[in-house]
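Structure, as structure tokens:
The values are calculated or read from the model by the stated rules, or taken from the named source; none is laboratory data. As the structure is a computational prediction, the values presented were derived from the model and not from experiment. Note: ideal-geometry Cβ built from the backbone for every residue, glycine included; neighbour counts use all protein chains shown.
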Amino acid sequence: MSAATNTAPFLTALLSKLAPGTHARIGARLAKHLPDLYQTLQTLYGNQFSNEQAYATWLTELLQVAGEAVAARPLPLQVLDDARSTDKNWFTKENMLGYCCYADRFAGDLRGVQKRIPHLQELGVTYLHLLPFLKARTGENDGGFAVADFDAIEPRLGNMADLEELSTALRAAGISLCSDFILNHVADDHPWAVAAKQGDPHYRDYFYHYPDRTIPDNFEQHLGQVFPQVAPGNFSFVPELQAWVWTTFYPYQWDLNYSNPKVFADMAAALLRLANRGVEAFRLDSTAFLWKRAGTKSMNQPEAHQILQALRSLVEIAAPGVLLKAEAIVETAELPAYLGNNDGANSKQECHLAYHSSLMAASWVALAEQDTSLMRHVFAGTPAQPEQSSWLTYVRCHDDIGWNVLRPEAGLKTEDVQQRLARVSRFYSGEGSYARGASFQANDPAAVHGTVGMAAALTGFSSAHTATEKHLARQRLLLLYGLSFCFGGMPLIYMGDELAQINDEAYRQVPAQAADSRWLHRPVWDDELYAQRHSGSHDAGTVFNALCHLLPQRRQLPQLAAQEARQLLKANNPAVLAFLRGSVDDPLLFLGNFSEHSISLDMVELLADHDIPGRGWVDQLSKLDVDLTVTLQAYSQLWLVRK
Ligand code: OTU
């Protein structure tokens, strides 16, 4: 059956197999999304079946699972599905605000998280990303990114009842719960890996396994390395299998073989079961790596996108209130595809959200270089996102800041790129700067290291002694957050940043963490800082108060919704970032000074090419009118609107 072929007969046959009680709920959604799903999965897996009938039988089984998920979907979630189906842009609005933390480090366990809802509400959070909380591998587990069971909670953190209770309490508070869904790999003690080790051929083929180094060596010639120091190479020898297993990340994280349709079906079913527990958004981890192809980096392959598109169709059918968020730490040019496209008849829906990781990294480059040129390239390389999708904008996360994604923007000659990014990396590890981060691993000493460290440590709080230094540190932190609030996307606050929390060195004493310096910026919630949050004489308070000033302003500015237009302006000073949001009739103009100097700008000149007057602006943050010549203090930002 080709795309143009009618899937109606298939649909009729399928409906006869689904519980009649669900037809009213699922019928129209199936009619809408089945043609795409049928075709996408046929492109991916059609050749694995002896004929089209066999493929259709497999797809029927998959959709029966989706049908069961619909039948079992709790009523409040059905209500949510319906509401969101009539307001498909709900997550792109200017009121959206994310918060990201580890359940244990934030609040002990899932029950503890519930007790911290008032903190989230004080900030105006509408989306809570709890880092991995599913049952993880025993022993080292990459902060939970090695999952042993998709249907169980990590016992330290609670149980399924706690998760359901938490998601319900969050929903009542207007907060959507986001869970990681680690779909690229499972832990080596996940039942599938255990069965494979015991010789079960069915489960052995859930993984990529090679009897000798011939194929791995071939692949390795083109592959990168994520953890070159602590987990070099992309294959690990597994004695029980007498084979080399594909392990992109740690040796105990076994990449799943998505060329096997059973893997796709099982993972899709696991996602839908979790959705029925009240998880409203999934952070799809490491999406770039889902498909391997010899002779390539095995990242961003078309099939990886097809897997995500098929998941999207399934979610639209079985749990349309749920969001998918792509985590793909890749070059700017590769990012937009994760949001799908609007190309007319070929338009494809993929993830609702995707991390704008190169904007994040570029904003730190701008701060280090006191020059926005590189970031302007990232802006220029970011097309308007398709309808019903949004960037996830952020300043920090639980991983290192990877500078290498910026290679295309960093220069033309390899040595220049290398030197430039290495300089930024050294800047943030403190060489001649206010920053107090550290380098993350890289595979050769000449290569560029990523950077670890809390945002407050990187912006200068840890090295500030005088009031002026503290003021500058605060301005830098707020400038980066301000940009993430205004760029056009859902901004995410990383736990601790709202209280200017600095690095946590304790990981060096914890054997399971000591080798992975990302733990430097995964601190434990600090009650003392929290108690200072309204104090004007503590860093925690001044930052918290300032954020609590910016955030309500943001919620009142419809120009800042993700779907609104964005246009970069050319300022006559490279340290200044200037861009318009919203319509020409009622725009918001963001001005940010990434340098330590104060800079004057001529408003008429700035807007000359845009048919917008230079006169008649007011700063939404200070409520002060703006003169024709506007002065931006060191690291300051203005959010200008028409009077
Ligand atoms: C993701 O990250 C997670 O965010 C990491 O915490 C996990 O360790 C990893 O997957 C394995 O599950 O490249 O796009 O610091 O940027 O590991 C996937 C390196 C990734 C991370 C990288 C990352």
Exercise for review: Could you tell me which residue of the range 83-110 is surrounded by the most Cβ atoms within 10 Å (Cβ to Cβ), considering only residues that are in contact (Cβ under 8 Å) with a residue 40 or more places away in the chain and farther than 27 Å from residue 483 by Cβ?
Suggested key: 103
Study note, to complete from the structure: Among residues of the range 234-247 being farther than 19 Å from residue 402 by Cβ and within 15 Å of the ligand (Cβ to nearest atom), the residue surrounded by the most Cβ atoms within 10 Å (Cβ to Cβ) is 246
Check your understanding: (1) in a helix (DSSP H, G or I); (2) touching a Phe, Trp or Tyr at 6+ places or on another chain (Cβ under 9 Å): which one isn't true of residue 406, the others all being true?
Key -> (2)
Review point. Restricting attention to the range 61-78, does a residue exist that is of a type in the set (S, T, N, Q) and surrounded by 19 or more Cβ atoms within 10 Å (Cβ to Cβ)?
Key: no
Revision key, fill the gap. Residue pairs qualifying under the 9 Å Cβ cut-off, at least six apart or on distinct chains, with the first in the range 327-343 being within 14 Å of the ligand (Cβ to nearest atom) and the second being among the acidic types (Asp, Glu) and in a helix (DSSP H, G or I), are 328/334; 331/409
Point to revise | Condition broken by residue 309, with the remaining ones in (1) touching a residue at least 60 places away in the same chain (Cβ under 8 Å); (2) closer than 30 Å to residue 599 by Cα; (3) in contact with a strand residue (DSSP E or B) (Cβ under 7 Å, 6 or more places away or on another chain) satisfied | key: (2)
Review point. Given the conditions (1) more than 16 Å from the ligand (Cβ to nearest atom); (2) under 23 Å from residue 569 (Cβ atoms); (3) among the hydroxyl-bearing types (Ser, Thr, Tyr), and given that residue 358 satisfies all but one, which numbered condition is not satisfied?
Key: (1)
Review point. For the range 462-503, which residues satisfy the criterion of being part of a helix (DSSP H, G or I) and under 16 Å from residue 375 (Cβ atoms)?
Key: 476, 479, 480, 481, 482, 483, 484, 485, 486
**Study point:** Scan of the range 239-255 for residues that are within 22 Å of residue 214 (Cβ to Cβ) and part of a strand (DSSP E or B), ordered by number
**Key:** 243, 244, 245, 246, 254, 255
Study note, to complete from the structure: Among the residues of the range 447-461, the number that are crowded, with 23+ Cβ neighbours inside 10 Å, of a type in the set (A, V, I, L, M, F, W, C) and in a loop (DSSP other than H, G, I, E, B) is 3
Check your understanding: Looking at the range 364-403, which of its residues are within 16 Å of the ligand (Cβ to nearest atom), part of a helix (DSSP H, G or I) and touching a residue at least 60 places away in the same chain (Cβ under 8 Å)?
Key -> 364
Study note, to complete from the structure: The condition of being among the acidic types (Asp, Glu), under 23 Å from residue 48 (Cβ atoms) and modelled with pLDDT of 95 or more holds, among 212, 205, only for 205
Study note, to complete from the structure: Log entry, pairs with first residue in the range 493-516 being closer than 19 Å to residue 106 by Cα and at pLDDT 95 or above, second being in a loop (DSSP other than H, G, I, E, B) and of a type in the set (Gly, Ala, Ser), beta carbons closer than 8 Å, six or more apart or on different chains, reads 502/462; 503/437; 503/453; 503/462; 507/514
Review point. Could you say whether any residue in the range 216-228 is closer than 28 Å to residue 154 by Cα and either away from the ligand (no atom under 16 Å from the Cβ) or in contact with a Pro (Cβ under 7 Å, 6 or more places away or on another chain) (or both)?
Key: no
Exercise for review: Could you grab me the full set of residues in the range 178-221 that are farther than 27 Å from residue 300 by Cα and either under 29 Å from the mean Cα position of the chain (by Cα) or not in a helix (DSSP H, G or I) (or both)?
Suggested key: 189, 191, 198, 199, 200
Revision key, fill the gap. Expected output for the range 178-204 (first residue on the phi > 0 side of the Ramachandran plot, partner surrounded by fewer than 24 Cβ atoms within 10 Å (Cβ to Cβ), Cβ below 9 Å, 6+ apart or cross-chain) is 199/240; 199/241
Review point. Which one is farthest from the ligand (Cβ to nearest atom) among residues in the range 257-305 that are aromatic (Phe, Trp, Tyr) and not in a loop (DSSP other than H, G, I, E, B)?
Key: 264
Check your understanding: Of the residues that make up the range 412-422, is at least one within 16 Å of the ligand (Cβ to nearest atom), touching a Lys or Arg at 6+ places or on another chain (Cβ under 8 Å) and in a helix (DSSP H, G or I)?
Key -> yes
Review point. Where in the range 108-156 are the strands (runs of 3 or more DSSP E), entirely inside, with at least 3 residues that are away from the ligand (no atom under 16 Å from the Cβ)?
Key: 147-153
Revision key, fill the gap. Exception for residue 345 within (1) part of a helix (DSSP H, G or I); (2) at pLDDT 95 or above falls at (2)
Review point. Of all residues in the range 519-551 being within 14 Å of residue 105 (Cβ to Cβ) and crowded, with 20+ Cβ neighbours inside 10 Å, which is farthest from the ligand (Cβ to nearest atom)?
Key: 529
